[in-house]
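Below is one structure, written out as structure tokens, with a few remarks after it.
The values are calculated or read from the model by the stated rules, or taken from the named source; none is laboratory data. On a predicted model such as this, the values are computed, not experimentally measured, just so you know. Don't worry about glycine lacking a Cβ; one is built from the backbone with ideal geometry, like all the others, and counts go over all protein chains shown.
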């Protein structure tokens, strides 16, 4: 009997060990599956709402990254300046404390001075012209330059054509801007351009803009139609002038360490996802440009459409020498004459 018990106990012990090993293995598989399903979280910040051109791009980026990496990465979106203003966010991406940021064009010269050439008012004839330049060798060369600034510029996106709004009067001619307290982004180029028009201009970070308009600190501002809608500026601005004075791109950035940690296949997936995100932001901005003006008019804004862009461009001529010295007259002319 004692021998039977010993054999039985040995059998029990071996079976118990096998069962335990199988259970542990199943737990490992379950944990791996759960990790793959949830994915590694990556923070993506931007200043506008989810219902905006940047939000549209971020949604596409998140979906494409999840699909192309089989769920191994999960993009967590932080809209509405939840991670700070654009300069603050991009500094965080440089430091690696934020993984990704979708940043509009105006603040980019704070990190790469040369890219300020795209902020020059009336540089582009229209959207097709702007897209041709950015998607061609000139625009792609600027994306590559950010690597030296500890940033990976994945792809161009779009904020849109910028238009003027204000709470005081209709703006039809450059003279109508004189004395108007106008907020501009943190861009020296845009500051110089509007100073040449005689406006009382000051820069201000975007998260403080609505409150500054509401309090009367500023009479007006300028932004794309999609931004005017998503940020509800129509609640504190009465007049909209379709000036289309600046084309404002956007760039989807990633931290250098985060990008370098990706496999070669994943790097390709992130870049391709970013390109699709950029296209989605362009499509959203274009739809807002087409349909949003009527919606803003319904919201109570008075829309000025008969704007002579050539008069505004001529009035800014005094700033042209500043731009030529800063960026080079040959480059500016090359961009202006670039074929669509």
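Some notes on this structure:
- Residue 257 meets each of the listed conditions (1) within 21 Å of residue 86 (Cβ to Cβ); (2) touching a strand residue (DSSP E or B) at 6+ places or on another chain (Cβ under 9 Å); (3) exposed (fewer than 14 other Cβ atoms within 10 Å of the Cβ) apart from (2).
- Qualifying residue in segment 314-326 (condition: surrounded by 14 or more Cβ atoms within 10 Å (Cβ to Cβ), closer than 23 Å to residue 140 by Cα, out of contact with any strand residue (DSSP E or B) (no Cβ under 9 Å at 6 or more places or on another chain) and touching a residue at least 40 places away in the same chain (Cβ under 8 Å)): yes
- Selection count where residues are more than 28 Å from residue 276 (Cα to Cα) and in contact with a helix residue (DSSP H, G or I) (Cβ under 7 Å, 6 or more places away or on another chain), scope segment 171-191: 9
- Summed over segment 296-320, the residues that are touching a helix residue (DSSP H, G or I) at 6+ places or on another chain (Cβ under 7 Å), more than 28 Å from residue 192 (Cβ to Cβ) and in a helix (DSSP H, G or I) give a count of 1.
- Taking segment 150-266 and the strands (runs of 3 or more DSSP E) fully enclosed by it, the elements with 1 or more residues that are within 18 Å of the chain's Cα centre (by Cα) and under 20 Å from residue 315 (Cβ atoms) are at 151-166, 181-184, 220-224, 239-255.
- Within segment 70-80, tally of residues that are in a loop (DSSP other than H, G, I, E, B) and either modelled with pLDDT under 95 or within 14 Å of the chain's Cα centre (by Cα) (or both): 2
- Exactly one residue out of 123, 127 is buried (at least 16 other Cβ atoms within 10 Å of the Cβ), under 19 Å from residue 57 (Cα atoms) and in contact with a strand residue (DSSP E or B) (Cβ under 9 Å, 6 or more places away or on another chain): that is 127.
- Residue check for residue 291: at pLDDT 90 or above, assigned to a helix (DSSP H, G or I) and under 18 Å from residue 125 (Cβ atoms): no
- Unique residue being more than 21 Å from residue 190 (Cα to Cα) and either part of a helix (DSSP H, G or I) or in contact with a helix residue (DSSP H, G or I) (Cβ under 9 Å, 6 or more places away or on another chain) (or both) when the list is 323, 284: 284
- The one condition from (1) closer than 15 Å to residue 250 by Cα; (2) in contact with a helix residue (DSSP H, G or I) (Cβ under 6 Å, 6 or more places away or on another chain); (3) assigned to a helix (DSSP H, G or I) that residue 48 does not meet is (3).
- Within segment 166-183, residues that are on the phi < 0 side of the Ramachandran plot and without any contact (Cβ under 8 Å) to a residue 40 or more places away in the chain reach partners that are assigned to a loop (DSSP other than H, G, I, E, B) and exposed (fewer than 14 other Cβ atoms within 10 Å of the Cβ) with beta carbons closer than 9 Å, at six or more positions or on different chains, in the pairs 181/216.
- Matching residues, segment 203-226, being more than 19 Å from residue 88 (Cα to Cα) and modelled with pLDDT under 95: 226
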